[in-house]
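> I am attaching a structure below and will ask some questions about it afterwards.
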Amino acid sequence: MKTAAVVKILTGTVLRYVPIVLVALLAMATWVMVERARIQRNGTGLAVSPLKPDFIVDNLRVSKLDKTGAVQTLLSAQRMVHIPQTSTATLTEPRIMSFRPDSPPLSISARRGESIRQSEQINFYDDVVVQRAADAESPAMRLQTEQLQLRPDDDIASSNTDFTFERGATRLRGQGFELNNSFRTLVIRQQARGIFVQGNAP
């Protein structure tokens, strides 16, 4: 094949790809300009967080039923903001009620909270108060702390912060605890002090 023919073939091949290359360069330049404009609008040069709520609910009330159709737990809050990317929801003034056929109602309230994975775990923060009503077997119980983690399905609440506990004549203080509402047990992790009246189980 003659040199002139080879050059002609190569030139034709290159020319066919020129429009594609030009379009790619134009697309890249457009993307760079858009990114620069976005950064300038933000003012800091930092990317905007993609974590945005997909819905907000005021005066939230959510019930979970047991196998018989009776209310097992009732979660309420002044406001819930759901973040889909993390499967979490922030709660304002949350309150949860636990109902068991063999135990008085138990409530947990706080100033703010966080529900994780459709209330698989609920975290309470600031002025957390746990209360259980009195019944024929035991007096009312009240526990106060600043942070609490609740696993509703296990009926277990725990914390690593300081707390005060009152039940009848029993008065206890400590740091860190695990409260099992099903078995009515309270495990204090450290620095336990106060007055414990025998026969006054949690």
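> I'd like the residue in the stretch 89-103 that is in contact (Cβ under 8 Å) with a residue 40 or more places away in the chain and hydroxyl-bearing (Ser, Thr, Tyr) and, out of all such residues, is farthest from residue 139 (Cα to Cα).
For the stretch 89-103, the residue satisfying everything is 98.
> Within the set of pairs 6+ apart or on separate chains, which have a first residue in the stretch 53-68 that is touching a residue at least 12 places away in the same chain (Cβ under 8 Å) and within 14 Å of residue 89 (Cβ to Cβ), a second that is assigned to a strand (DSSP E or B) and of a type in the set (Val, Ile, Thr), and C-beta atoms under 7 Å apart?
Short answer, once both residue conditions are applied: 53/81; 53/83; 56/81.
> Also, quick follow-up: Hey, could you check the stretch 64-86 for residues that are polar (S, T, N, Q) and either within 19 Å of residue 157 (Cα to Cα) or out of contact with any strand residue (DSSP E or B) (no Cβ under 7 Å at 6 or more places or on another chain) (or both) and say which is most open to solvent (accessible area, probe 1.4 Å)?
68
> If you check 166, 178, 146, which single one turns out to be of a type outside the set (S, T, N, Q) and closer than 25 Å to residue 64 by Cα?
Criteria check complete, one pass: 178.
> How about the stretch 104-202: which strands (runs of 3 or more DSSP E) wholly inside it have at least 2 residues that are open to solvent by less than 40 Å² (accessible area, probe 1.4 Å) and either free of Cβ contacts under 8 Å to residues at least 60 places away in the same chain or over 28 Å from residue 78 (Cβ atoms) (or both)?
Because the criterion is at least 2 residues that are open to solvent by less than 40 Å² (accessible area, probe 1.4 Å) and either free of Cβ contacts under 8 Å to residues at least 60 places away in the same chain or over 28 Å from residue 78 (Cβ atoms) (or both), the strands (runs of 3 or more DSSP E) in the stretch 104-202 that meet it are 112-116, 121-132, 141-151, 156-167, 170-180.
> Ok, one more. Of the numbered conditions (1) closer than 27 Å to residue 51 by Cβ; (2) touching a strand residue (DSSP E or B) at 6+ places or on another chain (Cβ under 6 Å), residue 141 satisfies every one except a single condition; which is it?
(1)
The values are calculated or read from the model by the stated rules, or taken from the named source; none is laboratory data. Owing to the predicted nature of the structure, the values given are computational and were not obtained by experimental measurement. Quick reminder, even Gly has a Cβ in these numbers, built from the backbone with ideal geometry, and neighbours come from all protein chains shown. Surface accessibility is based on the protein's heavy atoms, side chains included, excluding ligands, DNA and RNA. Shrake-Rupley method; radii C 1.70, N 1.55, O 1.52, S 1.80 Å.
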